Amino acid sequence: MIRMVAGRIASSSLSIVILVTLVFFMAHLTPGGPAYSILGQKATAASVQEVNARLGLNVPIWQQYFIWWWHLFQGKLGYSYLLSRPVGQLLWTYEVNTMVFYTVSIVLSTALSILFGLIQGVYFGRWPAKLIGGLQLAFYALPAFFVAAMLVLWFSVNMHLLPASGIVNLREVHPGIATYAAHLVLPVITVTILTVSALSRYFGEAVHEELGKDYVRTAAAKGITFQKILFGHVIRNALRPLVTILGLSFPYIFTGGVIVESVFNYPGLGWLMWRSSLSQDYPIVIAIVLLIGVLTVVGNLLADLVNGLLDPRARFE
Amino acid sequence: MSTTTLSAPRGAAAPAGKFIAWLTAKDTLATGVIMGLAILFIGFAAPFLYPPDPYAIHPAAALQSPSWAYPLGTDELGRDELALLLSGGFYTLVIALPAAILAFFIGVAYGLASGLGPSWLDKTLMRLLDAILALPSLIILLFFASIFTPNNTTLILLLGFISWPALARLVRNETMAQKNRDFVLATEQLGASQIYIAHVHLLRVMAPILVVNGTFMVGDSILSLSALSFLGLGVQPPYESWGSLLEQGLDLIALNPWWLILPPGLLVFGSLLSASLTGQGLLARFGGTR
Amino acid sequence: MSAVLKLENLTVSLPRGAAGTIPILEDLNLSIKAGEMLGLVGESGSGKTIAALSVMRLLPARGRITGHAWLDGTDLTTLDERAMRRVRGKGVGMVFQNPLSALNPSKTVGAQIAESYLVHNSVSARAARARALELLSEVGIATPAQKIDDYPHQFSGGMRQRVMIAMALSCSPKLLIADEPTTGLDPLIAGQIMALITRLRREHDMAVLFVTHDLSVVEEHADSIHVLYAGKSVEWGSSRDFFAHPRHPYSEALLGSVARVGQARLQNIEGNLPEPESRPPGCRFSPRCPYKQPDCDAAYPPPSTSTGTTAACFHPLPATARATYAEPLQKQIFAPTATQLTIQNLEVRYHSTGSFLTPAAKLPPALQDIAITLGRGECLGVVGESGSGKSTLGRAVLQMISYSGHITLDGQDFSTLRGAEKRNLRKKIQVVFQDPRESLNPRIKIGDIIAEPLRLAGKTTNLREQVSTLLGRVGLNPEMAQKLPGGVSGGQAQRIAIARALAAEPELIVLDEPTSSLDVSTQAMLLNLLKDLALDSGLSYILISHDFAVVSYMADRIAVLNSGRIVELSDTATLISAPQHDYTKSLLAAAPQLRDRQTAPAQT
């Protein structure tokens, strides 16, 4: 078991190294080098030289590569000239907002997905499952920005029920939890709708598949009730694909969804990525790309490890 | 395979249940295909059938809700929303569809090469793929779009290069699973080359998965392009696409311009739905993926 | 003594798509007393598994049961679901086929056994665990205290089946139903499982309903037998009487097609089992019956008893007829005219693929020191259990895996050849795999499958005729060329695989368990076909199987493999009458033997 864990960690580390290298090369694709984008119209040969020197871009590329790693280990992610703040600090500020938002969404989504998936798997072929299946199909096809826009249209503009954007009302001096919560409702609903439509489908299929397996028949032959079979045997095995997907969703807790945050002007990491792309603020863009990549690898690793816990067969490789 | 699939104890079927069953009993494939054809018509044929110029500005008629003169109303510049919608459809489809086709071929080729090639090639390609897949497609799109402002051609290339990894992994896994099956081994024993086997046997067995995923990829491509345009990094002015139209509507949301928001959103939704339904229907027709 | 289980006019109907709900099993009547074992025998499609499941009422949701199933006086068909659950596991224990999928992979073995005890007894978890421990040692698992917390995939096939038996026994049921428990197990292990069941039956005075297609197991262990064909009973009675004098033509044919060590001929049964939708109105076997008469189609024959067993036949076989199939083998020693294949110093080693931190482990060789010479037209049998290396040997000869050593065909050593030369030589050795469906591409028409070797060799003139000829050689209609593999039966699919192999005009065919997935009667037909083909075209065979009887029927010489080595190699007659090595002796003992039925009684 320890072997397997160590092996996975080593493998993931290698993936991260490859990823960082990839991003490094992507970073150097920025035309004219970062200097031009920073200086914009004011670029002259001399000023470019100066910025290059300051950014350490005059050094041969392989040296830059190691400096890059060195900075990463120190947690120095660069400096945004456009916003005049260190990238690391920026990321953290926006980070918190996204984490709150997405953690709530994912917890809610998981709970609802398990509920709907169970119904779908257990009542397979009968009307509850068909109804859920139809809804899944319909909601899965809804683009995120459309759902968000509709919700805003409905609840904010037409019904004046919930705030349309931002995170706090600008007029309030001391925003309390209620304000935060109110601003969270619509984004969370949007993300939940979209996530549940996909997630519940996976779970529903997994439950249905497990119910058809031989060991379920054996359990029935022992005289166990249907509920007990479902909760004692089937769910545990059906959760495995769900865990894998949740692992894949792990990065989103930190990075958020660009679209949803942009619609609601919610100042999270995704929103930051968007605005930085528009304004060509490369240090931020690159830092976020890196962050997401690393988190995805970590998310996969966590999913693998949890799967190992759930599935004894994976433990004894 | 067990002869008993356990299911919940039966209760009384509600009348609502019967209606739902009827609704979903309709052939999903037919529905999907018909919707798809409708979308294609809207995107490729209709723009040429509807006379008004989408980009003509009529400031006096700005922000009007639908009327006889302007069937879908006007935007803030007084442009005919219906014309914009149709034109937007054209650009959306003319970029998204070729991108999907490009991605499809790259994905299949990569996956086959990885699955059939020597072990070292497979390991290398898969590692690379894992690293690429670690980055969500929208993020990569934003990154590249920030580097160069995309024109229509570069958008096709960009979108095409984004969605192939998932297909490649699928194709590679399927190839690995199929290439050691008895009928492939028997054909090898008959003296067939790898290329023959890939072409005559493997592709035929994988056809269902390829077709189904291909339809999903078309839907994804339209979605990605619309999302990118929504964020301002896709189709650039003066051209519009459904995504950018929706974004403009959202900008003015305080004025409750439902005619600017609903139509483009519904069309993107319709495209995705038709792709899903077609994919589902095909899956059912093929009787599963084996 | 009253019966523990009594089935009365049991009829089970299942929904079959467009045809609606049709009866799969009809009018089953049988009874089993305490301590008695009844073998319910039939081929696939006979309804035997449905019968077993219906006693436990484990049928799919829309299945319907009519008739009665009395368990110690209680009619199980009248119980509601709750009461039935109390019976399951407590009054009746069930053991299924394929123990790996029948056990929950993510629960420990101890937990699953304890669970079956806890369902019917309110005791503490500790007491249940103690009971599980007790059961594990009772079913013969050494070191139960260590094994109790292991997971199913950590056990071998035979041990998993013991675990299933332990689970079934946990509440000391009066009846044990075993559905093909030994199918898929190696013969030696299967023998151990049967011995275990027999011992438990005696110790607990338990009635056993044993569902199987394997007649030799029934002969060895069962007190009574009940034969099903196409959903109806055709013959039943005491096992001893049955095997001495079967009365129903189907029984006779079935016995004739079962391979036994040292048997001279296998009897074919022509035709196919009727689908449930299209069963004949009269005797269901009459379309295939060699003794058929006009009145056989009029109505289903009523049971007729004379001495011995009861048969549902208008013209049962006279009880004095001696079975003509039970002729012992007079095998000539095959004198080959020329050497075809030589294997020298063959060794095969598999490498485990290392993961990131664990380096590739060096596994023990799958095959070592293999040296065999095969003559032209000879059939060599390769016998062994799983893990013996027999399949590996086949794959090495086929050049499908890498090996060290020399394999020479017609004087040409494969290791000296490359590229096109090697491919051309390789074509002369063809293969027939175990699972006929897997060996045919499900999306290609049968005609094209058979034509493929012809196309690859460039022999495309008159393709359709060539294909028809090949189909005819294996006894199939030319119309079959238009079908897809999914639309034919297992036996037909295997014949198509043979036709494809023949199309490449090979000199040698490697047959890797060619009949293991098929029904007994289909098996006989296929083996006879292979024999005829060899005689026609001078083909040599390497026949790989775990079934000693099948191999002894077909092969001129037999090689016995154990753990990658040849332990004995000699001609068939000598090997089966005077085996030298102990392992060979134990394999022979576990294989179905020819018995002199007039005198030897069935063992209990």
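Readers should treat all values here as calculations from the given coordinates under stated rules, not as data from a laboratory. Please read all numbers here as calculations on a predicted model, not as lab measurements. For neighbour counting, all protein chains shown are included, and Cβ atoms are generated from backbone atoms with ideal geometry for every residue, glycine included.
Peptides C:577-590, C:88-101, B:47-60, ordered by how many other C-beta atoms sit within 10 Å of their residues on average, highest first, read C:88-101, C:577-590, B:47-60. Derived scalar couplings between HN and Hα for the stretch C:260-276 equal 10, 4, x, 8, 7, 9, 10, 8, 7, 10, 5, x, 10, 5, x, 5, x Hz in order, rounded to whole Hz, by the Karplus curve 6.51 cos²θ - 1.76 cosθ + 1.60 (θ = phi - 60°), x for Gly and Pro.
Based on a Kirkwood Rh over C-alpha pairs, give the Stokes-Einstein translational diffusion coefficient of the stretch C:531-581 at 4 °C and viscosity 1.567 mPa s in µm²/s. Translational D for this selection: 109 µm²/s.
Taking max minus min of the alpha-carbon positions on each principal axis, the stretch C:1-129 gives extents of 50, 40, 28 Å, largest first. Can you work out the base-10 log of I(q)/I(0) for the protein assembly as shown at q = 0.05, 0.07, 0.08 1/Å, using the Debye formula on its C-alpha atoms alone? Summing over Cα pairs of the protein assembly as shown leads to -0.46, -0.85, -1.06. The alpha carbons of chain B stretch over 77, 60, 33 Å along the principal axes, in descending order. Residues of the stretch C:429-457 falling in the label zone of C:Arg376, defined by backbone nitrogen less than 18 Å from a point 7 Å along Cα to beta-carbon, are C:429-430. Think of the protein assembly as shown as having a plus end and a minus end, set by charges on the Cβ of Lys, Arg, Asp and Glu; of C:Ala111, C:Leu266, C:Ile496, C:Ala111 sits farthest toward the positive end of this dipole.
Based on C-alpha pairs under 8 angstrom that are at least 6 apart in sequence, chain B has a relative contact order of 25 percent. Translational diffusion of the stretch C:384-445 was estimated from the Stokes-Einstein equation, with Rh taken as the Kirkwood radius over Cα pairs; at 25 °C and 0.890 mPa s the coefficient is 181 µm²/s. Can you work out D for the stretch A:73-159 in µm² s⁻¹ from Stokes-Einstein, where Rh is the Kirkwood radius over C-alpha pairs, the temperature is 10 °C and the viscosity is 1.306 mPa s? Taking Rh from Cα pairs, D becomes 94 µm²/s. Rounded to the nearest 20, the size of the Cβ-charge dipole of chain C about its Cα centre is 1060 debye, with Lys and Arg at +1 and Asp and Glu at -1.
Normalised radius of gyration (Cα atoms, divided by 2.2 N^0.38 Å) for the stretch A:200-316: 1.51. When the alpha carbon gyration tensor of the stretch C:380-531 is reduced to an equivalent ellipsoid, the three semi-axes, largest first, read 26, 21, 12 Å. Put +1 on the Cβ of every Lys and Arg and -1 on every Asp and Glu Cβ in the protein assembly as shown; which of C:Leu59, C:Val208, A:Pro241 then has its Cα farthest towards the positive end of the dipole? Of the listed residues, the answer is C:Val208. For chain C, with equal point scatterers placed on the C-alpha atoms only and solvent neglected, what are the log10 I(q)/I(0) values from the Debye formula at q = 0.08, 0.12 1/Å, to two decimals? Relative scattering, expressed as log10 I(q)/I(0), comes to -0.64, -1.35.
What's the exposure ranking of C:Phe210, A:Phe25, going from fewest to most Cβ atoms within 10 Å? Walk me through the numbers on the way to the answer.
On the way: C:Phe210 28, A:Phe25 10.
The fewest-first ordering by Cβ neighbours comes to A:Phe25, C:Phe210.
One equal scatterer on each Cα of the stretch C:57-178, no solvent, Debye formula: the resulting log10 I(q)/I(0) at q = 0.17 Å⁻¹ is -0.87. Per residue of A:133-143, other chain Cβ atoms within 10 Å of the residue Cβ number 5 on average. The value of relative contact order for the stretch C:149-290, using C-alpha pairs under 8 Å at least six residues apart, is 15 percent. The angle between the Cα long axis of helix C:157-169 and the longest principal axis of the Cα atoms of chain C comes to about 10 degrees, rounded to the nearest 10. Among C:Cys283, C:Cys296, sorting on how many other beta-carbon atoms sit within 10 Å of each Cβ, with the fewest leading, yields C:Cys296, C:Cys283. Of all DSSP-defined beta bridges confined to chain C, some 55% are antiparallel rather than parallel. Between B:Phe44 and B:Leu128, the FRET efficiency from the beta-carbon distance, with R0 = 25 Å, is close to 0.10.
Roughly what % of Cα-Cα distances in the stretch B:166-242 sit above 19 Å, to the whole percent? Of all Cα-Cα pairs in the stretch B:166-242, 54 percent lie more than 19 Å apart.
How many percent of the alpha carbon pairs in the stretch A:184-264 exceed a separation of 20 Å? Value for the stretch A:184-264 (Cα pairs over 20 Å): 49 percent. A simple rule links phi to the HN-Hα coupling: the Karplus curve 6.51 cos²θ - 1.76 cosθ + 1.60 with θ = phi - 60°, which for the stretch C:450-465 gives 6, 6, 3, x, 5, 5, 5, 8, x, 9, 9, 6, 6, 4, 4, 5 Hz, with x for Gly and Pro.
What 222 nm value per residue comes from the helices of the protein assembly as shown, counting each DSSP H run with n ≥ 4 as -39,500 (n - 2.57) and dividing by all residues, nearest 500 deg cm²/dmol?
Values: 47 runs with 618 residues, N = 1211.
Mean residue ellipticity, 222 nm, calculated: -16000 deg cm²/dmol.
Set the Förster distance to 25 Å, then compute FRET efficiency between A:Leu310 and C:Ser124 from the Cβ-Cβ distance, nearest 0.05. Intermediate values should be presented prior to the final figure.
On the way: r = 27 Å, r/R0 = 1.09.
It comes out at approximately 0.40.
Beyond 12 Å, the tail of the calculated P(r) for the stretch A:250-292 holds 53 percent of the Cα pairs.
Quick one: B:Trp120, A:Trp92, fewest Cβ neighbours within 10 Å first, how do they rank?
On the way: B:Trp120 8, A:Trp92 11.
With the fewest neighbours first, B:Trp120, A:Trp92 line up as B:Trp120, A:Trp92.
Note that the stretch C:370-387 has calculated 3J(HN,Hα) couplings of 8, 9, 9, 10, 10, x, 5, x, 8, 10, 9, x, 10, 10, x, 8, 5, x Hz, one per residue in order, obtained from phi through the Karplus relation 6.51 cos²θ - 1.76 cosθ + 1.60 (θ = phi - 60°); glycine and proline are x.
Could you tell me which helices of chain B pass both thresholds, a Cα extent of 30 Å or more along their own axis and a mean Kyte-Doolittle hydropathy of at least 0.0, with helices taken as whole DSSP H runs? Walk me through the numbers on the way to the answer.
Working: long enough: B:81-116 (51 Å, 1.81); B:203-230 (39 Å, 1.43); B:258-285 (38 Å, 1.13).
Those that pass (Cα extent of 30 Å or more, hydropathy at least 0.0) are B:81-116, B:203-230, B:258-285.
Oblate is the label for the stretch C:200-282, because a/c, from the alpha-carbon gyration tensor with a ≥ b ≥ c as root eigenvalues, is 1.5 or above and a/b does not exceed b/c.
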